[in-house]
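Worksheet: the structure to be examined is printed underneath.
The values are calculated or read from the model by the stated rules, or taken from the named source; none is laboratory data. Just so we're clear, the structure is a prediction, and the values are computed from it rather than from any experiment. A quick note on method: Cβ atoms are made from the backbone with ideal geometry, for glycine too, and the neighbour counts reach across all protein chains shown.
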Amino acid sequence: MQPMYYIGLDVHKRIISYCVKDGSGQIYAEGSIPATRFDLDRWMKALPRPWTAAMEATMFTGWIYDHLKPHAAVLKVAHPLMLRAIAAAKKKNDRIDANKICDCLRCDFLPECYIASTAIRERRRTLRYRNLLVRQMVQMKIKISSLLMEAGVNYNKQRLHQAGYFRELLATNPHIDEGLRALLRQCRETVVRLGKTESALVRSLRQDRMLVERVERLMSIPAIGPITALTWALEIGEVQRFSSIKKAVSYCGLCGAEKSTGNTVQRTPLSKQRNKHLQTTLIEAAKMAPRYSPTLALLYDRERQKGNANRATLAVARKLVAYLIAVDRGQTHFLVLDHEVRTAA
């Protein structure tokens, strides 16, 4: 049996530092190479085989992972926060970081994190770009309101962003001068353009063959629309990686951290270690959910009577996670049971 070689990679925009060790911890090679596919191919030709490698999760990890995966016996990605806690040191540079990652991998002490498949990551990139367009569209709508308020123009807040009302406002209001009218038109054109692009992106994702059946099943849950279903499918990836609902709730950022010492247990606000895209989407869905589901409305009212509306919303969001996990794992549509059927069962 051939000995395994272990490689630690410290990935940056232009440079990749590496450290290669054998099973006993002896350094076989170390250095740095440019972060290009050509240089990676040339570097891999000189590596001893077989080899396994690990790198820290960064924005540059995806393409490097995809490029190295076919050539490695095993390729792992480390959780950056946990790795920082394990490999903390007074002296820090790229060479030392690569060495520590290599040692963590060699000693089977690497805090590994999940990395989605290439297909999922490509579609996730599209969805996150859509989220950026929505944020920009909201900013432009706020800017339109701000420009009108600065000029002292009265307007109907509910109808402001309707095309007909907006044209009439620009044409008939005497307090809107030519300079302001030009700015308002540019803002409106930007909003329309962003809206069309956003709709096209969502439509392309909903019609994607890889996602269409999964999204359709998720949308059978009350209060789950296309954006929530797409966000769940693309941000979660493989639902089987969550062994319990509690772990999924924690990943979605719908629970606080816990600090306990002795007999004292303190619950903190919502943890910052979460998937922020899922957290935002699920909380927004939970705010609307009581309108579409009597069961969720009852849950919200029961929690709301305890005196905190935000906690009630979080309780509904956690219930939605339980529904999503059940539907996604069982690969079946959501079944709504009325009270009589549930009692009989």
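Could you check the range 96-111 and list, in sequence order, the residues that are of a type outside the set (A, V, I, L, M, F, W, C) and surrounded by fewer than 16 Cβ atoms within 10 Å (Cβ to Cβ)?
Within the range 96-111, D108 is the sole residue that qualifies.
How many residues are among the aromatic types (F, W, Y) and assigned to a helix (DSSP H, G or I) when one looks only at the range 304-337?
1
Pick from L170, L180: which is assigned to a helix (DSSP H, G or I), over 28 Å from K319 (Cα atoms), touching an Asp or Glu at 6+ places or on another chain (Cβ under 9 Å) and assigned by TED's automatic domain parsing to the domain that holds E122?
Just a single option satisfies the conditions, and that option is L180.
Of the residues L75, L68, L110, only one is modelled with pLDDT under 95, closer than 26 Å to R241 by Cβ and out of contact with any Phe, Trp or Tyr (no Cβ under 6 Å at 6 or more places or on another chain); which?
L110
Being surrounded by fewer than 16 Cβ atoms within 10 Å (Cβ to Cβ), at pLDDT below 90 and not small (G, A, S) narrows it down to one of M59, M82, so name that one.
Testing whether each residue is surrounded by fewer than 16 Cβ atoms within 10 Å (Cβ to Cβ), at pLDDT below 90 and not small (G, A, S) leaves just M82.
Which one of L201, L132 is closer than 28 Å to A229 by Cα, loosely packed, with under 13 Cβ neighbours inside 10 Å and either in contact with a strand residue (DSSP E or B) (Cβ under 6 Å, 6 or more places away or on another chain) or not assigned by TED's automatic domain parsing to the domain that holds G330 (or both)?
After applying the criteria, what remains is L132.
Given the condition more than 18 Å from I101 (Cα to Cα), surrounded by fewer than 18 Cβ atoms within 10 Å (Cβ to Cβ) and touching a residue at least 12 places away in the same chain (Cβ under 8 Å), answer yes or no: does some residue in the range 22-34 qualify?
Yes, because at least one residue in the range 22-34 is more than 18 Å from I101 (Cα to Cα), surrounded by fewer than 18 Cβ atoms within 10 Å (Cβ to Cβ) and touching a residue at least 12 places away in the same chain (Cβ under 8 Å).
Here is a list of conditions, (1) assigned by TED's automatic domain parsing to the domain that holds R318; (2) without any contact (Cβ under 8 Å) to a residue 60 or more places away in the chain, and T268 meets all of them except one; can you say which number that is?
(1)
Go through R217, R193, R188 for me and flag whichever is assigned by TED's automatic domain parsing to the domain that holds L230, at pLDDT 95 or above, assigned to a helix (DSSP H, G or I) and not polar (S, T, N, Q).
Matching residue, one of R217, R193, R188: R217.
If you go through the range 226-241 one residue at a time, do you hit one that is within 22 Å of A289 (Cβ to Cβ) and free of Cβ contacts under 8 Å to residues at least 12 places away in the same chain?
The answer is no; no qualifying residue exists.
Any residue in the range 151-171 that is over 16 Å from V192 (Cβ atoms) sitting within a Cβ distance under 7 Å of a residue that is part of a loop (DSSP other than H, G, I, E, B)? List the pairs, counting only those 6 or more apart or interchain.
A151/H175; A151/I176; G152/H175; V153/N173; V153/H175; V153/I176
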